[in-house]
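Scroll down for the structure; my scribbles are underneath it.
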Amino acid sequence: MKTRISILAGAFILIFGCVELTSCKKDSISTTNQGANTAANLKTVQLQNSDAQDAVADKTDEDVDSKLDELQNNNYSADNTKSASLELSGTVDIKVDHPDNTNFPKVVTITYTNYQDSCADETITKNGQIVITVDRKDVNHPRLISRAFVYHNFAVTTDSTTVVMNGTRTVKRAKDALKLNNLESARVSVTDSITAALSYAVSTIGKSETLTFTRNVDKARNAITHFTNKNYKAGDPVYNLNHLAFRHIPSLDSLTYTGTIKGINEKSEAYAKTIVLPLIVINYHGSLVMTSGKVTYTAGTTDSDTITFKQDPAHMHKTLVTVTDNLTSKVTTFDRRISRILKKWW
């Protein structure tokens, strides 16, 4: 049985948030050799392009995850989706082959036709199709679910740029653990393995050239979420369910990434990004900040860099990025804002 819904975008919840497709531009950059700014800045822009590509990929994945979360909460019934805006245009079509929480695997097909989202800076339009297979191998562990995505010419267009994605991505929940501390607090830890083989094409208004690149991912993502029981009082009698009122504490949350990304960059060169020290992301007063981590980046036969991340002591809501050219020993530093959300797929 299939459940089908085709809704005007004005009556459909926003699936995608604002994607920083313009984040390829150069941020505040300083180098240890001001006389070599031109070469250093070109390298920095290339590295930032690579980081922006990852941001687009991860943001798209996270937003699709959010839609699947909504479907899961509604027993995979597309008819129960909620309206979030009355000023959008275009259509989105959702099909679910098993609109229930019992039968697995199930296939969710999302098709966009000129679907527009609102954004603080510019209009974002989606076209194309994403097909997701959701599977649960062990009925005794309903939260250990895998999600396999297939992108069919899925396009995200802003006022100036279009990104088209094709390929596959699979996220498997390997661990989902709850730890209680005498009912005073709780910690949820989830671990995902992420593999992907994706291709991208990026075109910009006013430019005839289309940049293409591929992205092959083999990563692990660990998300830790903290809660505190606001009704807890030390020394009180034995607690029952009436005493449980857990409140989320975002400032204690963290995301940790390990693994590799390989592919062909926009210069048609083979590249590799390897996380040699885990990347740790925290929530600092509502801003995501990468507090530690190290990545090695190689491209072609001439580019070899070591990139380190830490919280900027002068701007605590930003990540201070240091790029060391392994061939020339030149150092470039710049601040970055992390636009992606602190995503924990439950």
Exclusive hit being over 22 Å from residue 130 (Cβ atoms), in contact with a strand residue (DSSP E or B) (Cβ under 8 Å, 6 or more places away or on another chain), hydroxyl-bearing (Ser, Thr, Tyr) and at pLDDT 90 or above, set 214, 191: 191
Residue match in the range 160-180 (condition: in contact (Cβ under 8 Å) with a residue 40 or more places away in the chain, touching a strand residue (DSSP E or B) at 6+ places or on another chain (Cβ under 9 Å) and assigned to a loop (DSSP other than H, G, I, E, B)): yes
Sole exception among (1) in a strand (DSSP E or B); (2) at pLDDT below 90; (3) touching a strand residue (DSSP E or B) at 6+ places or on another chain (Cβ under 7 Å) for residue 283, by number: (3)
Residue list for the range 117-174, restricted to those being at pLDDT below 90 and of a type in the set (Gly, Ala, Ser): 118, 120, 160, 174
The range 286-304 - residue that is part of a loop (DSSP other than H, G, I, E, B) and hydroxyl-bearing (Ser, Thr, Tyr) and, of those, nearest to residue 321 (Cα to Cα): 302
Residue within the range 184-207 that is under 30 Å from residue 125 (Cβ atoms), in contact with a Gly (Cβ under 7 Å, 6 or more places away or on another chain) and charged (D, E, K, R) present: no
Test: residue in the range 259-277 that is within 21 Å of the chain's Cα centre (by Cα), buried (at least 16 other Cβ atoms within 10 Å of the Cβ), under 22 Å from residue 65 (Cα atoms) and at pLDDT below 90: no
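The values are calculated or read from the model by the stated rules, or taken from the named source; none is laboratory data. Every value quoted in this text rests on a predicted model; they were computed, and no experiment measured them. Counting neighbours? That spans all protein chains shown, and the Cβs are built from the backbone with ideal geometry, glycine included.
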